[in-house]
Amino acid sequence: MSLFRWLALFACFMSLAALAQPYPSRPVRVLIPFTAGSAADIIARAMEPAMRERLGQPFVVDNRGGAGGNIAAEMTARSTPDGYTIMMATIGTHAINHSLYSKPSFHPQRDFTPVGLVGESPNALVINPKVQAASIQELVALAKSKPGGLNYGSSGSGTTVHLSAELFSVMTGIKMTHVPHKGAAEALASLLGGQTDLMFASLSSSIPLIKAGRLRAFAVTGAKRSPSIPELPTVAEAAGLPGYEASAWFGIVGPAGMPRTAVAALNKAALSSLDDAEVRKRLFNAGVEIRVSSPQDFARYIESEMRKWEKVVKASGAKVD
């Protein structure tokens, strides 16, 4: 037998051996589309010890923030679909950005394999205490008195932190100036320093600052009050805006074409991890409500959310080139 045929047979044998290995047989990297301290980062790191234990392999959290989450999403879409590179998808990367960006480099449905939802969290409407508004109604009146004069920060264009404010502006008829940042930590630092006036910050990053009195909170953006901070009304309640809702959600996805065995193993590990008492405690303290699903249900949810936020983006006029 020729050397070439021997090498071909050896390569075939190695490929079959790799396929025969149970998943996972090496570390799994989970890309986080935002910086450390973001809600997606907090959720992934809360789940990491339990996921590592259940998968029997390291669950490596890798922050790749930028472009409203698109950098991590594009990296995931272009990775080898073997289950060893996945990402913590968000409402921004998989529902909002496709309509917000004029030339999206990936498609939230076509280029990914859904694994399952893991949680959701409303944002909190918070202001710098120096802003002369003691209620959400006074804030709206202040914004109307000087159109574009109030600056609101965000952790990036296309995030719910951004679109929560845009939806609020549309429904109240006010105009504010958007100041995007490179992540939640930078946006909150700007708000605390007075460079911006308000922010629809994620609960996971703002609860400690609210409870410490460093930020004044008016409401949460969910359809109902958050169990983590029940004293805060919803925006719909506080501002008299029926139908206002803008909760962030988070889920695991991989590139299109992932093996079913990998999808099933990851979904099972995630469901089990989210039932862990320590994980549940950490997520509750961060204002995250656990929400799980099958891969199929997650796929349908992504489709419905894309339709919903396409209407919001169009109504707001927001666009990113």
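The values are calculated or read from the model by the stated rules, or taken from the named source; none is laboratory data. In this text, all values refer to a predicted model and were calculated from it rather than measured experimentally. Cβ placement follows ideal geometry from the backbone for every residue including glycine, while neighbour counts extend to all protein chains displayed. The protein model used for the area step is the full one, side chains on, heavy atoms only, and it has no ligands, DNA or RNA in it. Shrake-Rupley method; radii C 1.70, N 1.55, O 1.52, S 1.80 Å.
Scanning the range 140-177 for residues that are open to solvent by 50 Å² or more (accessible area, probe 1.4 Å) and not in a loop (DSSP other than H, G, I, E, B) yields Ala141, Lys144, Ser145, Val170, Met171, Thr177. Taken together, the residues in the range 297-311 that are in contact (Cβ under 8 Å) with a residue 40 or more places away in the chain and either of a type in the set (A, V, I, L, M, F, W, C) or surrounded by fewer than 18 Cβ atoms within 10 Å (Cβ to Cβ) (or both) amount to 10. One residue alone among Ser226, Ser316 is crowded, with 20+ Cβ neighbours inside 10 Å and either within 21 Å of the chain's Cα centre (by Cα) or under 18 Å from Val118 (Cβ atoms) (or both), and that residue is Ser226. Scanning the range 38-66 for residues that are closer than 24 Å to Gln21 by Cβ and outside any helix (DSSP H, G or I) yields Gly56, Gln57, Pro58, Phe59, Val60, Val61, Asp62.
Is it fair to say Ile91 is under 16 Å from the mean Cα position of the chain (by Cα) and closer than 22 Å to Tyr301 by Cα? Yes; evaluated as a whole, the condition is true for this residue. Residues in the range 191-218 that are surrounded by fewer than 19 Cβ atoms within 10 Å (Cβ to Cβ) and either on the phi > 0 side of the Ramachandran plot or among the hydroxyl-bearing types (Ser, Thr, Tyr) (or both): Gly194, Gly213.
Per the conditions (1) part of a helix (DSSP H, G or I); (2) surrounded by fewer than 23 Cβ atoms within 10 Å (Cβ to Cβ); (3) modelled with pLDDT of 95 or more, the sole criterion not satisfied by Arg110 is (1). Do we have Ser190 as touching a strand residue (DSSP E or B) at 6+ places or on another chain (Cβ under 6 Å), among the hydroxyl-bearing types (Ser, Thr, Tyr) and assigned to a helix (DSSP H, G or I) here? The answer is yes for Ser190.
For the range 188-243, residues that are at pLDDT 95 or above and polar (S, T, N, Q) total 5.
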